[in-house]
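Participant: If you scroll down you'll find the structure; I have some questions about it.
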Amino acid sequence: AQSVTQPDIHITVSEGASLELRCNYSYGATPYLFWYVQSPGQGLQLLLKYFSGDTLVQGIKGFEAEFKRSQSSFNLRKPSVHWSDAAEYFCAVGASGGSYIPTFGRGTSLIVHP
Amino acid sequence: NAGVTQTPKFQVLKTGQSMTLQCAQDMNHEYMSWYRQDPGMGLRLIHYSVGAGITDQGEVPNGYNVSRSTTEDFPLRLLSAAPSQTSVYFCASSYSAISRRGSPLHFGNGTRLTVT
């Protein structure tokens, strides 16, 4: 069965610092991978997705993620964090066989200090 | 574009009461689903549907019913509310469950439910 691990429950960074949120997945074939962001009181919004091709994908709000097959990872990065980036971030993997039911990680809460 | 619309935004129930959380999407999405979000637990799938007339159970279906009579609507029914069902509920949809497996989910803004 597919699974997603986000090892960090909370991450604290200073505004302007770089950010990397970790995501590791378990799946036999090449997965579909997603990062979502949830602002307080809101639903989840898609940041970016990886299906195939270039392993470095660009998303909205200046985020990017890199797919590394050898490490089963899909880490999210941003070179300079803004206070408005404070939110909950979820990594998800979508199945490539059978019915499509994505699996979500438990989320990483990003705290941004001024 | 309205996207995915959930009502109500907030609800307080007493133990044993029943209610229906509404979810509607205007994107002609085949796949719709319900999640609950609890602190430290992430998102847990309650029920899902791959098309009108088809529903199936997710990870935590007990105490909830769903139906999908139209493509647009996917209501979630709490049969007899319990304090353990206090949570934030999200409805999500995507284009297709089968032919477009990479379709991302579109989420509503959630319903915050408290059961006393």
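The values are calculated or read from the model by the stated rules, or taken from the named source; none is laboratory data. Computed from a prediction, not measured in an experiment: that's the story for all the values here. Here Cβ is always computed from backbone atoms with ideal geometry, including for glycine, and neighbour counts include all displayed protein chains. The accessibility values were calculated without ligands, DNA or RNA, using every heavy atom of the protein model including side chains. Shrake-Rupley method; radii C 1.70, N 1.55, O 1.52, S 1.80 Å.
Participant: With the other protein chains left in place, how much accessible area per residue, in square angstrom, belongs to chain A at a 1.4 angstrom probe?
Facilitator: Roughly 47 Å² per residue, with all protein chains present.
Participant: Got a sec? Charge dipole of the protein assembly as shown, +1 on Cβ for Lys and Arg, -1 for Asp and Glu; which of B:VAL4, A:VAL57, B:SER84 is way out at the positive end?
Facilitator: Value: B:SER84.
Participant: Can I ask one more? Using protein chains only and a probe of 1.4 angstrom, how many square angstrom of A:ILE101 are accessible, to the nearest 10?
Facilitator: Surface accessible to solvent at A:ILE101 totals approximately 50 Å².
Participant: How compact is the protein assembly as shown by the rule of thumb for globular proteins, expressed as Cα Rg over 2.2 N^0.38 Å?
Facilitator: On the way: Rg = 17.6 Å, N = 230, 2.2 N^0.38 = 17.4 Å.
Compared with the compact-globule rule of thumb, the protein assembly as shown sits at 1.01.
Participant: Rounded to the nearest percent, how much of the accessible area of chain A (1.4 Å probe, protein heavy atoms only) is carbon and sulfur?
Facilitator: Of all accessible area on chain A, carbon and sulfur atoms account for 50 percent.
Participant: Please compute the Cα-Cα pair-distance distribution of chain B with 10 Å bins starting at 0, giving whole percents from short to long.
Facilitator: Going out from 0 Å in 10 Å bins, chain B shows 15, 50, 30, 6, 0 percent.
Participant: To the nearest 100 Å², how much accessible surface do chains B and A cover up together, summed over both, with a 1.4 Å probe? Don't skip to the end; give the middle numbers.
Facilitator: Numbers: alone 6250 and 6180 Å², together 10680 Å².
Approximately 1800 Å² gets buried when B meets A.
Participant: How large is the dipole of the protein assembly as shown about the Cα centre if only Lys and Arg carry +1 and Asp and Glu carry -1, each at its Cβ, rounded to the nearest 20 debye?
Facilitator: The dipole magnitude comes to about 240 debye.
Participant: Let me ask something else. Which one of A:ALA86, A:ALA65, A:ALA29 has the biggest mean-square fluctuation once chain A is modelled by GNM with Cα springs under 10 Å?
Facilitator: In this elastic network of chain A, the residue with the biggest mean-square fluctuation among A:ALA86, A:ALA65, A:ALA29 is A:ALA29.
Participant: Let's see if you can work this out: charge +1 on each Lys and Arg Cβ, -1 on each Asp and Glu Cβ, no other charges. What is the dipole magnitude of segment A:37-80 about its Cα centre, in debye to the nearest 20? Present the calculation step by step, with values, prior to reporting the outcome.
Facilitator: Working: 6 positive and 3 negative charges, 13 e Å.
That gives segment A:37-80 a dipole magnitude of about 60 debye.
Participant: List nothing, just return the count: lysine pairs in the protein assembly as shown, 8 or more apart or interchain, with Cα separation under 29 Å. Intermediate values should be presented prior to the final figure.
Facilitator: Details: A:LYS49/A:LYS61; A:LYS49/A:LYS68; A:LYS49/A:LYS78; A:LYS49/B:LYS9; A:LYS61/A:LYS78; A:LYS61/B:LYS9; A:LYS68/A:LYS78.
Final tally of qualifying lysine pairs is 7.
Participant: I need to check one value: relative contact order of segment B:1-93, counting alpha carbon pairs closer than 8 Å and at least 6 residues apart, in percent.
Facilitator: It rounds to 35 percent for segment B:1-93.
Participant: On to the next question. Roughly how many debye, to the nearest 20, is the charge dipole of segment B:1-111 about its Cα centre, given +1 on each Lys and Arg Cβ, -1 on each Asp and Glu Cβ, and no other charges?
Facilitator: With only Lys, Arg, Asp and Glu charged at Cβ, the dipole is about 180 debye.
Participant: While we're looking at this one, here's another question. Can you give me the relative contact order of chain A as a percent, contacts being Cα pairs under 8 Å and 6 or more apart?
Facilitator: Relative contact order of chain A: 37 percent.
Participant: Return one whole number: the accessible area per residue of chain B in Å², for a 1.4 Å probe.
Facilitator: 46 Å²
Participant: Rounded to the nearest angstrom and ordered from largest down, what semi-axes does the equivalent ellipsoid of chain A get from its C-alpha gyration tensor (root of 5λ)? Walk me through the intermediate numbers first.
Facilitator: Working: eigenvalues 114, 42, 30 Å².
Semi-axes (√(5λ), whole Å): 24, 14, 12.
Participant: Rolling a 1.4 angstrom probe over the protein chains, ignoring ligands and nucleic acids, what is the accessible area of A:THR5 in square angstrom, nearest 10?
Facilitator: 70 Å²
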